[in-house]
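Engineer: Quick one: structure below, then a few questions.
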Amino acid sequence: MNDNLSLLQLEQRDDFIQRHIGPDEAEQQHMLATLGLTSLDELITQTVPKNILLEQAMQLGDAQTEVDTLAQLKKMANQNQVFNSYIGMGYYPNFTPNVILRNVLENPGWYTAYTPYQPEIAQGRLESLLNYQQMVIDLTGMEIANASLLDESTAAAEAMAMAKRMSKNKKSNLFFIADDVHPQTINVTKTRAELFGFEVIVAPADEVVNQDVFGALFQYPNTTGNIYSIETLIQSVADRKGVTAVATDLLALTQLKTPAELGADIVLGSAQRFGVPMGYGGPHAAFFATKDKFKRSLPGRIIGVSKDKRGKLALRMALQTREQHIRREKANSNICTAQVLLANMAAFYAIYHGPKGLDMIAKRTQRLASMFALGLKAKGVELASAYFFDTVCFKTDAKTQIIDKANAAEINLRSDLDNAIAVSFDETKTQADLAQLFSVILGDEHGLDLAELDKQATEYQAIPDNLQRESDYLSHPVFNTHHSETEMLRYIKSLENKDLALNHSMISLGSCTMKLNATAEMIPVSWPEFANLHPFSPIEQAQGYKQMITQLEKWLVEITGYDAMCMQPNSGAQGEYAGLLAIRKYHESRGDSHRNICLIPSSAHGTNPASAQMASMKVVVVACDEKGNVDMQDLKQKAADVAENLSCIMITYPSTHGVYEQTIREICDIVHQHGGQVYMDGANMNAQVGITSPGFIGSDVSHLNLHKTFCIPHGGGGPGMGPIGVKSHLAPFLPDHPVVNVVKENADNGAVSAAPWGSASILPISWVYIALMGAKGLRKATEVAILNANYIATKLADHYPILYRGQNSRVAHECIIDLRPLKASSGITEMDVAKRLMDYGFHAPTMSFPVAGTLMVEPTESEPLVEIDRFIDAMIAIREEIDQVEKGVWALDNNPLVNAPHTMTDLVDENWNRAYSRELAVFPSPAAAANKFWPTVNRIDDVYGDRNLICSCPSIESYVE
Ligand SMILES: *Cc1c(COP(=O)(O)O)cnc(C)c1O
């Protein structure tokens, strides 16, 4: 039947583009016809302002097949040399339990979910995150923990900001950092302090007693492994009403007295070594714990316990009112995307091993360290400290020779110390590794007997008496049950079953771009050549990474129209921070340090004002007109009013209202005329790629959310990558890194993340996506994203008002459904509609952002027509249900909307007294019945949860009632 096709045509059947894009050609034609159009070109011409259309196609090459792309990437990966790492410094080799690797990290049921905004269909990952918080609370000894932050260094910077908020030493502007904290943490924290206008002193820890500080940061054990009591130091800070943060290590805490017992106010660190690969820097979850009295000032997300309508225990994100999307520039931090997937992995690791297993891992790690220390001592080598957990530091005049020998033996030791080398052990190390280390450091003839060292080590006291751990940890049943693989597998699956992810149905969250995360894109993430590199490995060993990242940067430069990229920020919000930092430095370099005003349209995402605040900018809000566009009169007026001090504008394009504003070029011009810079929020790049670009439009800097437009999955709330693109005049102000130089010329610039290339191990996802799509495919994706959104807007317009439209009544890649009129006429709210959608098997669109009382729908190009039609049908059916309430057929307090979502408990309720049938409740449409998704709890009471804040695992009995 295919006889008349050429070989080339037959091969094209294997084209990835048509797999990534949901609707096929015929369906696209059908959808275009619905819009009264005949071609995608026509749609684009109608929709996108003419003066921003790219004049030529992107230079990215042709689409490649999955087989060829992965083969090419594998070749690059093979150029990475995976040496055995003893570098430490916050990153440790470990074993990801295979049951977690395959069923969490590599499982779309976990990695394609979104931040649990709709908790009734997210109880699985909420439970897992609660376990994570409990684990952190237990190990640190603190009262409350969040889930989670981006990395250890930014967690330290957040701790500093929190110390400033909480300290009663209001007259002090000084923050103290002990000089034995990890160098990247010192650097990131100092960079942040400079922006906030704090003074920082970095000095030996015991000098804190001489300083009048609002806060201090110590590390325990310290960066070279030493353990000493910081109790009196913390006390001296407290005596001055300062707040103390302690960076620490979860595995070490199984053996050490908790920071809480030493008096710490905030405890932070990385959970990486709990089963998460090093990945050349990430992604990993940072943990952050504090005292109960500071809970309202805690940055990041906290999972809390509440109850549902039936009084059943249910989980949700607590204290949301502290967050950036509500409090904007007054928020505790700009953290939005965090590291949920990795926090889940760490929690599962603790559950799988349990307290006994973790204790064994810690003791074995420490035994090897002790044997190593004893061996060196026996050979007359001087140790830097007598006490340690896993890291032994020794003095040497032969550093270069030893490092060279280590290199020849394919092992990496920590080499950045003066006349000293540090060696960090971990759960993967063996006796054979130890023997090899002795040979490298002492020569082959060292003559040490490992069995003898083992015996001596049992007597050796590596932890001082007063710092031994005596308190219990992980005593909750969840950490003491799932130790066989069968049980673990079932526990993971039982949680997965409670969550709606992209492998069930479309998640049309506007501004979040929940598109396909193709399997081929995900596969390289767990290749050992990418997964097992330490971020501070010598750059010669990371040539594969270097090639891949350089090529990705080039592609992104082409896509954005900028001149340079910086791959360090771990989220969109961190990208905003890095971009504003570059703008500030640019102004300073021109003697314009007074320029500190940031214009932000009222429609902006909450991270924009929160980031501006972090960069010590003053936010001036620009109004929007009734069509949702920036009010040009107001902009002109405000830009002129503040001209002298104008730093920049932060603007999202297409606007967060889902419209291509006509005046975007003019907006850029006005800001430039007054000496300001343009920061274009790139979260909506999915409506630009191949059609226009921020650089082409006239912007100076943008972050790209690779976890939106470029296919990195959302992981249930992270990981993410928020690299920034800049025009050449800003390039000298991009972040660098204190341990690994990223750009030669920028060597003195401060870092914004712990690792030089952020979460490097997920960059292959975006690399594979671009390679598979090529220039044509990427443009096509944008076009179909716009088509899908316009199709939905057109089909739903007869049933709901569409709030904003651009030229020719077209929307961009998303549209806002206005539910306020219906609320006025029927009493049914956007919340009711969102929850009722669950009964129909869908995740709600973005609720009440950017406009309260609305839903913002972004289907993306990946959703096929049949799914889009199912969603439209569900929305129409819901509209008919609202009709019944309007007409009084159903009372406002007894209808399927206000009682949604419905659960199996409803189905078996003997006292069913609703005005509608059980069938309508749970199987409202044939499509919903055919592929039923069961919310596991009824609607959750948010107010109750915030009033009775509980952020640790409830006792088992409370589940039973
Ligand atoms: C998602 C988003 C952000 C923030 O990105 P994170 O990675 O979550 O920090 C910023 N601006 C807009 C418009 C967004 O949609």
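The values are calculated or read from the model by the stated rules, or taken from the named source; none is laboratory data. Quantities reported herein were computed from a predicted structural model and do not represent experimental measurements. Quick reminder, even Gly has a Cβ in these numbers, built from the backbone with ideal geometry, and neighbours come from all protein chains shown.
Engineer: Condition test on TRP757, is it at negative phi, more than 13 Å from the ligand (Cβ to nearest atom) and either within 18 Å of the chain's Cα centre (by Cα) or not in a helix (DSSP H, G or I) (or both)?
Structural biologist: yes
Engineer: Moving on to the next point. Which of the residues spanning the range 649-682 are under 29 Å from the mean Cα position of the chain (by Cα) and on the phi > 0 side of the Ramachandran plot?
Structural biologist: The answer is GLY658, and nothing else.
Engineer: Is it fair to say VAL768 is in a loop (DSSP other than H, G, I, E, B) and among the β-branched types (Val, Ile, Thr)?
Structural biologist: Answer is no for this residue.
Engineer: Report, ordered by the first and then the second residue, all pairs with beta carbons closer than 6 Å, sequence separation of six or more or different chains, a first member in the range 850-871 that is part of a loop (DSSP other than H, G, I, E, B), and a second member that is among the acidic types (Asp, Glu).
Structural biologist: Every condition considered, the pairs that remain are GLY853/GLU830; GLU858/GLU814.
Engineer: Looking at this structure, is GLN401 out of contact with any strand residue (DSSP E or B) (no Cβ under 7 Å at 6 or more places or on another chain) and surrounded by fewer than 22 Cβ atoms within 10 Å (Cβ to Cβ)?
Structural biologist: Criteria met by GLN401.
Engineer: Considering only the range 264-311, how many residues are outside any loop (DSSP other than H, G, I, E, B) and touching a Ser or Thr at 6+ places or on another chain (Cβ under 7 Å)? Before the answer, list the steps.
Structural biologist: Step one: filter the range 264-311 for residues outside any loop (DSSP other than H, G, I, E, B), giving 266-270, 279-281, 286-290, 292-297, 302-308.
So of that shortlist, the ones also touching a Ser or Thr at 6+ places or on another chain (Cβ under 7 Å) come out as 266-267, 269, 279-281, 286-287, 289.
Total meeting the criteria: 9.
Engineer: Pull out all pairs, ordered by first then second residue, where Cβ-Cβ is under 7 Å, the residues are six or more apart or on different chains, the first lies in the range 459-470 and is not in a loop (DSSP other than H, G, I, E, B), and the second is not basic (Lys, Arg).
Structural biologist: What qualifies is ASN466/SER229; LEU467/ILE227; LEU467/SER229; LEU467/LEU256.
This table checks each residue for (1) touching a helix residue (DSSP H, G or I) at 6+ places or on another chain (Cβ under 8 Å); (2) within 14 Å of the ligand (Cβ to nearest atom); (3) assigned to a loop (DSSP other than H, G, I, E, B).
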position	(1), (2), (3)
ARG665	yes, no, no
ASP669	no, no, no
GLY690	yes, no, yes
PHE696	yes, no, no
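Engineer: Is it the case, given these coordinates, that VAL889 is surrounded by fewer than 17 Cβ atoms within 10 Å (Cβ to Cβ), at pLDDT 95 or above and of a type in the set (Val, Ile, Thr)?
Structural biologist: yes
Engineer: Then there is this: With the condition kept exactly as written, say whether any residue in the range 582-597 is within 16 Å of the ligand (Cβ to nearest atom) and not in a loop (DSSP other than H, G, I, E, B).
Structural biologist: So far as the range 582-597 goes, no, none of its residues is within 16 Å of the ligand (Cβ to nearest atom) and not in a loop (DSSP other than H, G, I, E, B).
Engineer: Within the range 312-340, work out how many residues are outside any loop (DSSP other than H, G, I, E, B) and closer than 16 Å to LYS498 by Cβ.
Structural biologist: So the answer is 6.
Engineer: Here are some conditions: (1) more than 15 Å from the ligand (Cβ to nearest atom); (2) crowded, with 22+ Cβ neighbours inside 10 Å; (3) closer than 27 Å to TRP555 by Cβ. PRO654 meets all but one. Which one does it not meet?
Structural biologist: (1)
Engineer: Return the pair list, or none, for Cβ contacts closer than 9 Å from residues in the range 658-680 that are under 30 Å from PRO845 (Cβ atoms) to residues that are modelled with pLDDT of 95 or more and among the basic types (Lys, Arg), at least 6 apart or on different chains.
Structural biologist: Sorted first by the residue in the range 658-680, then by its partner, the pairs are GLY658/ARG805; VAL659/ARG805; VAL659/ARG810; TYR660/ARG810.
Engineer: Filter the helices (runs of 4 or more DSSP H) completely within the range 486-581 down to those with at least 1 residues that are away from the ligand (no atom under 16 Å from the Cβ) and among the polar types (S, T, N, Q).
Structural biologist: Details: elements: 519-522, 528-531, 543-560.
Where helices (runs of 4 or more DSSP H) fall fully within the range 486-581 and carry at least 1 residues being away from the ligand (no atom under 16 Å from the Cβ) and among the polar types (S, T, N, Q), they are 519-522, 543-560.
Engineer: Out of all the residues in the range 698-722, which are within 14 Å of CYS336 (Cβ to Cβ), within 12 Å of the ligand (Cβ to nearest atom) and part of a loop (DSSP other than H, G, I, E, B)?
Structural biologist: In the first step, residues of the range 698-722 are kept if they are within 14 Å of CYS336 (Cβ to Cβ); the result is 703, 705, 707-708, 714-722.
Of the ones still in play, those that are also within 12 Å of the ligand (Cβ to nearest atom) are 703, 705, 707-708, 714-715, 717-722.
Residues satisfying the conditions are ASN705, HIS707, LYS708, HIS714, GLY715, GLY717, GLY718, PRO719, GLY720, MET721, GLY722.
Engineer: Okay, next question. Give me the pairs: first residue in the range 602-628 and under 17 Å from ASN684 (Cβ atoms), second residue in a strand (DSSP E or B) and within 12 Å of the ligand (Cβ to nearest atom), beta-carbon distance under 7 Å, and six or more apart or on different chains, which are they?
Structural biologist: Between residues of the range 602-628 that are under 17 Å from ASN684 (Cβ atoms) and residues that are in a strand (DSSP E or B) and within 12 Å of the ligand (Cβ to nearest atom), the close pairs are ALA604/MET650; ALA604/THR652; HIS605/THR652; HIS605/ASP681; ASN608/ILE600; ASN608/MET650; ASN608/ASP681; CYS624/PRO601.
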